[in-house]
Amino acid sequence: MIEIRKEQKSDYEEVYNVVKTAFEKAKESDGNEQDLVVALRKSSNFIPELSLVAKKDNKIVGYILFTKIQIGKFEELALAPLAVLPEYQRQGVGSKLIEEGHKIAKEMGYHYVVVLGSDKYYPKFGYEKASKYGIKPPFDVPDENFMVIKLNDLRKGIKGTVKYAKEFGI
């Protein structure tokens with residue numbers, strides 16, 4: 001049984017190690033994802049309710065973080081990172097983290113979430129090319145890897161270049 005809950009301060013060290021381990025062999029990694037999480041927690045873009053852990057077998061096996069971004073004049077969210085320990089991948093841990101994060105984000109009144117990631121993985125959750133909505137990344141990236149999900153239809157006409165938290169170094 002996988003339990004998804006809000007991250008607590010007592011989880012920080014274990015989360016650091018989960019993120020580091022999850023990205024060690026990843027093709028698209030700069031090796032600093034765990035340090036990015038530490039920096040984002042200290043940022044004004046950090047939302048504690050959207051920093052979630054997955055627990056199984058009495059240990060943290062996955063982590064997800066959504067932080068505030070700007071798209072034009074609107075505050076929305078970026079998903080980064082999503083990390084699951086290699087031995088727990090392909091068991092639904094990442095899916096549960098994403099689904100719970102989306103649910104909380106929607107309840108909090110957010111409308112869109114952007115992600116830079118696998119065009120094979122994220123579309124199964126409803127992510128589409130961000131360019132379809134006129135949402136652009138602030139860096140060069142293949143169109144199919146910069147995606148967005150619309151959590152609801154309440155906010156129309158969002159478009160523009162995404163402005164990430166300064167901690168992303170973009």
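The values are calculated or read from the model by the stated rules, or taken from the named source; none is laboratory data. Predicted model only: the values in this text are computed from it and were never measured. With ideal geometry, Cβ positions are generated from the backbone for all residues, glycine too; neighbour counts draw on all protein chains shown.
Residue 38 falls short on exactly one of the conditions (1) in contact with a helix residue (DSSP H, G or I) (Cβ under 9 Å, 6 or more places away or on another chain); (2) surrounded by fewer than 14 Cβ atoms within 10 Å (Cβ to Cβ); (3) at negative phi, and that condition is (2). Examine the stretch 111-125 for a residue that is in a helix (DSSP H, G or I) and in contact (Cβ under 8 Å) with a residue 60 or more places away in the chain, and state whether such a residue exists. Within the stretch 111-125, not a single residue is in a helix (DSSP H, G or I) and in contact (Cβ under 8 Å) with a residue 60 or more places away in the chain.
Look at the stretch 34-49: where a residue is part of a loop (DSSP other than H, G, I, E, B) and a partner is surrounded by fewer than 17 Cβ atoms within 10 Å (Cβ to Cβ), sitting 6+ places away or on another chain with Cβ atoms under 8 Å, you get 43/166. Exactly one condition in (1) touching an Asp or Glu at 6+ places or on another chain (Cβ under 9 Å); (2) of a type outside the set (A, V, I, L, M, F, W, C); (3) under 25 Å from residue 30 (Cα atoms) is false for residue 62; which is it? Against the list (1) touching an Asp or Glu at 6+ places or on another chain (Cβ under 9 Å); (2) of a type outside the set (A, V, I, L, M, F, W, C); (3) under 25 Å from residue 30 (Cα atoms), residue 62 comes up short only on (1).
Within the stretch 143-170, residues that are under 20 Å from residue 36 (Cα atoms) reach partners that are in a helix (DSSP H, G or I) with beta carbons closer than 6 Å, at six or more positions or on different chains, in the pairs 146/130; 167/39; 167/40.
Looking only at residues of the stretch 86-106 that are of a type in the set (Lys, Arg) and free of Cβ contacts under 8 Å to residues at least 60 places away in the same chain, we find that the one that is farthest from residue 17 (Cα to Cα) is 106. Take the conditions aromatic (Phe, Trp, Tyr), buried (at least 17 other Cβ atoms within 10 Å of the Cβ) and over 24 Å from residue 132 (Cβ atoms) and apply them to residue 46. Does it pass? It is true that residue 46 is aromatic (Phe, Trp, Tyr), buried (at least 17 other Cβ atoms within 10 Å of the Cβ) and over 24 Å from residue 132 (Cβ atoms). For the subset of the stretch 107-145 comprising residues that are of a type in the set (Gly, Ala, Ser) and over 13 Å from the mean Cα position of the chain (by Cα), which member is nearest to residue 22 (Cα to Cα)? Here the residue is 126. Considering only residues in the stretch 13-35 that are surrounded by 14 or more Cβ atoms within 10 Å (Cβ to Cβ) and among the hydroxyl-bearing types (Ser, Thr, Tyr), the one that is farthest from the chain's Cα centre (by Cα) turns out to be 21.
The condition of being loosely packed, with under 14 Cβ neighbours inside 10 Å and modelled with pLDDT under 95 holds for only one of 103, 124, 73, 59, that being 73.
Contact annotation: residue pairs with Cβ atoms under 7 Å, 6 or more positions apart or on different chains, pairing a residue in the stretch 57-79 that is more than 15 Å from residue 45 (Cα to Cα) and assigned to a strand (DSSP E or B) with a partner that is modelled with pLDDT of 95 or more and among the aromatic types (Phe, Trp, Tyr), are 61/88; 62/88.
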